[in-house]
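The values are calculated or read from the model by the stated rules, or taken from the named source; none is laboratory data. Just so you know, these numbers come straight off a predicted model, no measurement behind them. Note that each Cβ is placed from the backbone with ideal geometry, even for glycine, and that neighbours are counted across all protein chains shown. With ligands, DNA and RNA removed, areas are computed over all heavy atoms of the protein, side chains included. Shrake-Rupley method; radii C 1.70, N 1.55, O 1.52, S 1.80 Å.
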Amino acid sequence: SQLGNWNWLDIYLNTDYQLKNRYFFSFNLAVDGSSRFGSNVAEAMTVTYNVYKYAFMPSVAAGWLISSENFMSGVKFIDLLKLRASYGLVGNDDIGNFTSQQYYVSQNLLGMEGLVRGNIGNPALKWENVAKMNLGIDASMFNERLSFSFDVFRNHSDNMIIYQPINSASGFSYAITNSGAMKTIGFDLSVNGRLINRAVKWDMGITLSHSKNEITALPVNNMVTQYAGASYLTQVGNVANSFFGYKTNGIFTTNADAAAAGLTVRNAAGNLIPLQGGDVKFVDVNGDKVIDSKDMQVIGNPNPDFIGSISNVVSWKRLSFDALITFSKGNDIYNYTRNVLESESGWLNQTLNVNNRWRADGQIT
């Protein structure tokens, strides 16, 4: 019951033109066909053939080899200097084989097997389009001992595939739609150099990338997703998938301290239960003395400020030693390991840290 078939076809067209060995132009066209999309796709750059939908994804690029110009003839230390720009569309069909169709799945109830609705079909489901704009420069100098590339880019995702929340009366929690949009801006830098060029050769390369995304459209103002015991907020005007939760301010050491704070939580029956000694001091954002979803706020950003790598290759004759270091900076990380091994909410062994838990009134821990 887990097997399935799908059809996918790509047709590519490419043409290049160069003028005077210094001006370069390129036009590319991809025609993408997929059986995964709906039967009622309405898109300006889409055609239907043999019931399947095909999308046209064009791109254009231009380059200027500045180092071949006459005015660069006197600059001896520059071997290559090239300016380039491109703009193009790409598509994403990673939605599952039958998502656009209505289907049924088996379900067991009290020993009896039957069929129930498996999804909310969406016959208008189509490609997630990403428009990519890039401007870059390449250079090499000193007999190619030093080279670098620098790119700035701006991507805009349209018809973004969204797990859109729907009324629970439907029997489902979401439907998959093309109702989102996001823009991403950033830069990529790559520098490579030969530091030693004798019998022993040493090459080093450094890459650095920065990007920032912003949600520009959603079917609702914000969406909260659950994964691995954590909540993630995606909201128009903010970055995608921010950590969403409660801020804390220590532990109530005594029942008297908890009573003085006057904070309560609502249990499954809807009753307000006062906090006691040993409970976490959650920050009451709206000041109503009830710790609930109204007090949740953005508590972290999983998107890094920078990612990069440092590579080294040291070679001598036919022997070489390679070393690669990768890094990221500025992103928050959710420690799911601690969630499992220090929550005392299951039968799994716990870390020794739980021996430090609050156990008696007045204990500071």
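The figures follow:
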item	result
Odd one out for N134 among (1) over 25 Å from the mean Cα position of the chain (by Cα); (2) assigned to a strand (DSSP E or B); (3) surrounded by fewer than 18 Cβ atoms within 10 Å (Cβ to Cβ)	(1)
2 or more residues under 30 Å from F187 (Cβ atoms): qualifying strands (runs of 3 or more DSSP E) within segment 1-120	8-19, 23-34, 52-65, 78-92
Count - residues of segment 224-246 that are assigned to a strand (DSSP E or B), aliphatic (A, V, I, L, M), open to solvent by less than 30 Å² (accessible area, probe 1.4 Å) and touching a strand residue (DSSP E or B) at 6+ places or on another chain (Cβ under 6 Å)	1
Some residue of segment 66-82 being open to solvent by less than 70 Å² (accessible area, probe 1.4 Å) and either within 29 Å of the chain's Cα centre (by Cα) or among the basic types (K, R) (or both)	yes
Those residues of segment 197-222 which are exposed (fewer than 14 other Cβ atoms within 10 Å of the Cβ), in contact (Cβ under 8 Å) with a residue 60 or more places away in the chain and in a strand (DSSP E or B), in sequence order	V200, K212
Test: residue in segment 165-177 that is open to solvent by less than 60 Å² (accessible area, probe 1.4 Å) and under 21 Å from A55 (Cβ atoms)	yes
Filter result for the condition that a residue is of a type in the set (S, T, Y) and touching a residue at least 60 places away in the same chain (Cβ under 8 Å), over S170, S100	S100
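Residue-wise test of (1) touching a strand residue (DSSP E or B) at 6+ places or on another chain (Cβ under 6 Å); (2) assigned to a loop (DSSP other than H, G, I, E, B); (3) more than 23 Å from Q226 (Cα to Cα).
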{"residue": "A268", "(1), (2), (3)": "no, yes, no"}
{"residue": "G277", "(1), (2), (3)": "no, yes, yes"}
{"residue": "I307", "(1), (2), (3)": "yes, no, yes"}
{"residue": "I310", "(1), (2), (3)": "yes, no, yes"}
{"residue": "I325", "(1), (2), (3)": "yes, no, yes"}
